[in-house]
Amino acid sequence: MNTQIWDLRKYEENVVKYPKLNEIKETLLNDGLVAIPTETVYGLGANARNEHAVRKIYEAKGRPSDNPLIVHIHQREQLEEFVDGIDERVSKLMDVFWPGPISFILPLKTGYLCEKVTGGLNSIAVRMPSHKIGRALLQYIDEPIAAPSANLSGRPSPTKFDHVFQDLNGKVDGIVNGDQSEEGLESTVLDCTQYPFRIARPGSITTSMIEQVLPGSIQKANYFEKDKPIAPGMKYKHYSPDTPLTIVENLTHKIDNNEKWNDVVFIFPISMKYLLPENAQFIPLCDDEQDIKGANHNLYSVLHSIDSSNDIKHAYIYSFEKKDQSEAIMNRMLKAAGNEVIEGDEL
């Protein structure tokens, strides 16, 4: 398959001036797959009303067929076609956080979206991206677009055009180049089919942020449950580089130089570089131990980069202190490392 590339970066402020914009729309409305940028990660888009197109998402990604997809919209009026009622508390959260990096799992009204997009559930996850290019495309296309991350299933999610191209060139109809995603981690997924609500997948919209709007509205969830997933990333191995990855907790001592570090990389905050062996490779994850936003932004790019080096046989990554703000990145790291965690004094 020949994959078309559409570079929209210089049209960010006015996407409708892009001369080939109708090509993107026609591709998506005629069974095609198009990778589009969002503020979280790049999404692999298909018309959520087209069973054949959505099936092609699973084929291109090698994605398990029971792993549900998130539907992307550009305005709330679109929900009337496929959502069976919106609780006033959910509406209040939408007022605050949309457009933005949060998806709401809502009761499904059948008959509008294709069955394949829901993973066989009676609910649907929906979000409204804030990315200028991504949202402008959704507005121009004016159809609900199913869009999981635009990568091969299980691999680190793509936050740059290059990541998408590496995984999906020749497997999809087109890729929109919109430069690097701002957030760097997938959206928070909030299950609103019960109350209290529960966060099915943590993201940059945290429990405390939601409870500032609706106090006491969140029930603690198990992000690693294995049965029937209600959100992407809950059941299968995700975000994993090919390079073996280990999470390091509580590193407080200087690690001595040793030949065993020659083909190892440490992915740590810059502020902790002085603790690492000089003969090991170093990739900065963020500025310091408090820079969780920077780590969110950089994580997937770092995981992609270690696989591109033939000199790296193992990677060690810094573990953030467990708190509300770090819940999302630690969720992704644990998945990527297969829960492989060691104490710093073991190094």
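The values are calculated or read from the model by the stated rules, or taken from the named source; none is laboratory data. The structure displayed is predicted, hence computed values, not measured ones. Positions of Cβ are backbone-derived with ideal geometry, glycine not excepted, and every protein chain shown enters the neighbour counts. Surface accessibility is based on the protein's heavy atoms, side chains included, excluding ligands, DNA and RNA. Shrake-Rupley method; radii C 1.70, N 1.55, O 1.52, S 1.80 Å.
Side notes on the structure shown:
- Meets criteria (in a strand (DSSP E or B) and under 21 Å from the mean Cα position of the chain (by Cα)) for VAL54: no
- Lone unmet requirement of (1) at pLDDT 95 or above; (2) in a loop (DSSP other than H, G, I, E, B) for ILE105: (2)
- Criterion (assigned by the TED database to the domain that holds VAL189, outside any helix (DSSP H, G or I) and open to solvent by less than 20 Å² (accessible area, probe 1.4 Å)) met by exactly one of ALA60, ALA46: ALA46
- Output for region 63-83, where each listed residue is open to solvent by less than 10 Å² (accessible area, probe 1.4 Å) and free of Cβ contacts under 8 Å to residues at least 24 places away in the same chain: none
- Residues that are of a type outside the set (Asp, Glu), open to solvent by 10 Å² or more (accessible area, probe 1.4 Å) and either under 24 Å from VAL41 (Cβ atoms) or outside any loop (DSSP other than H, G, I, E, B) (or both), drawn from region 84-102: ARG89, SER91, LYS92, VAL96, PHE97, TRP98, PRO99, PRO101
- Just so you know, in region 202-239 the residues that are modelled with pLDDT of 95 or more and not in a loop (DSSP other than H, G, I, E, B) include one that is farthest from SER130 (Cα to Cα), and it is ILE218.
- Within region 110-126, considering residues that are within 20 Å of LEU29 (Cβ to Cβ) and either not assigned by the TED database to the domain that holds PRO64 or not acidic (Asp, Glu) (or both), the one surrounded by the fewest Cβ atoms within 10 Å (Cβ to Cβ): GLY111
- Pairs where the first residue, in region 84-100, is outside the structural domain of LEU190 (by the TED database) and under 15 Å from VAL71 (Cβ atoms) and the second is open to solvent by less than 80 Å² (accessible area, probe 1.4 Å) and assigned to a helix (DSSP H, G or I), C-beta under 8 Å, 6+ apart: none
- Elements of type strands (runs of 3 or more DSSP E) in region 278-347, at least 2 residues being outside the structural domain of GLU39 (by the TED database) and open to solvent by less than 50 Å² (accessible area, probe 1.4 Å): 314-318
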